[in-house]
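**Q** Dropping the structure in here first, questions after.
The values are calculated or read from the model by the stated rules, or taken from the named source; none is laboratory data. Predicted model only: the values in this text are computed from it and were never measured. All Cβ positions, even for glycine, are placed from backbone atoms using ideal geometry, and neighbour counts span all protein chains on display. Accessible surface areas use protein heavy atoms only, side chains included; no ligands, DNA or RNA. Shrake-Rupley method; radii C 1.70, N 1.55, O 1.52, S 1.80 Å.
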Amino acid sequence: MTRFSPARPRLVVGITGASAPHLGIHLLRCLRDLGTVETHLVISQAAHRTIELETTMCPSEVAALADVVHRRGDIAASIASGSFPTLGMAVAPCSMRTLAGIAHGYGDDLLTRAADVCLKERRPLVLVARETPLSLVHLRNMVAVTEAGATVLPPMPAFYQRPSSVEDVLAHLSGKVLDQFGIEHDVYPRWHGPVPPRPGITVQPVEGAVS
Ligand SMILES: Cc1cc2nc3c(=O)[nH]c(=O)nc-3n(C[C@H](O)[C@H](O)[C@H](O)COP(=O)(O)O)c2cc1C
C-alpha cells in the first residue's frame, strides 16, 4: 500500500467518448467546489468530439475545471506511474472501447495506462460505463474489470429522491462516484427511509408487510 501525504489527495478523472460527457464535467465541478481533492484530468480524442457534439462547452473549458490536465498521448505523465500517489481514478463516462482496453490491460494511451496503474496498485478504479443495450462482449468486459478490482458504476438514474431536473440526476451520479473514494460531500440527498405519505394519499397495506 502506498503511503503519502500530499497537501491534497489526488484523483485522476478520465473522460472518454461515450455519450454524456456531462457526467465527467459534473464530477469535475463537484470536486472543484469541494476543493478537498486535486484533480488530474485526461480527455480521450473521441471525448473531444462528444463534448463538442453533446454540450455547449468546448474541450478547453472542460479542461479548465481540473487542477492538472494531461495530454492523452503523454505516456510519461505522472499518472502513468504507480509511484505517483493518487486516491484512484474515475472514468466518466467510460466508453465500451476504453472498458475493453482496461479489461485486457491494453494501456496504449495515458487514460488506459492510468487505469491500469490503479488496478496494479490496488487503488479504486470506478468506471461509469455508458452504452445501451449491452452486448455479451460489453458484459464480459465488465466482469473482467470487476474481477480485476474495478467498480462498474453505470449511469443509472435513481428516482427515490424524486429528481426534478437533469442536474439532480447528474448530482446523484457524481455523488455515487465520490462515495466510492470516501470523499465527503453533500452533492445529493441521502436516503433516510421513506417519507410519510402526503395528505390525501391512501397507502394500501402490503400483504406480509411488517406493520
Ligand atoms: C455522439 C457520440 C456518442 C457516442 N456514444 C457512445 C456510448 O454511449 N458508448 C460507447 O461505448 N461509445 C460511444 N460512442 C463511440 C465512441 O466514441 C468510440 O467507440 C470511440 O472510439 C471511443 O474512444 P475512447 O474510448 O478512446 O474515448 C459515441 C460516439 C459519438 C460520436
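**Q** Provide the gained length on full extension for the span S135 to D186, in nm with one decimal, where the gain is 0.36 nm per separating residue minus the Cα-Cα distance.
**A** 14.8 nm
**Q** So what is the relative contact order of the stretch 10-180, in percent, for Cα pairs below 8 Å that sit 6 or more residues apart?
**A** Averaging sequence separation for qualifying contacts and normalising by length gives 24 percent for the stretch 10-180.
**Q** Hey, another quick one. I need the shape label for the stretch 5-82. Rule: rounded when a/c is under 1.5, else prolate if a/b > b/c, else oblate, with a, b, c from the alpha carbon gyration tensor.
**A** Oblate shape, in that a/c is at least 1.5 and b/c is the bigger or equal ratio.
**Q** Which chymotrypsin sites (Phe, Trp or Tyr not before Pro) from the stretch 120-205 combine a DSSP loop assignment with at most 10 other Cβ atoms within 10 Å?
**A** F159, Y160, W191
**Q** Also, I was wondering about something else. Got a number for carbon plus sulfur as a percent of the stretch 10-180's accessible area, 1.4 Å probe?
**A** Solvent-exposed carbon and sulfur of the stretch 10-180 make up 54 percent of the total.
**Q** 222 nm [θ] for the chain, helices only, -39500 (n - 2.57) per DSSP H run of 4+, per residue, to 500?
**A** Only helices count here, giving -10500 deg cm²/dmol.
**Q** Can I ask one more? Using a 1.4 angstrom probe, figure out how much accessible area the chain has per residue, in square angstrom, rounded to the nearest whole.
**A** 55 Å²
**Q** Taking DSSP loops as anything outside H, G, I, E and B, show the longest stretch in the chain free of GluC sites (Glu not before Pro) there with at most 16 other beta carbons within 10 Å.
**A** Longest stretch, sites excluded: 1-130.
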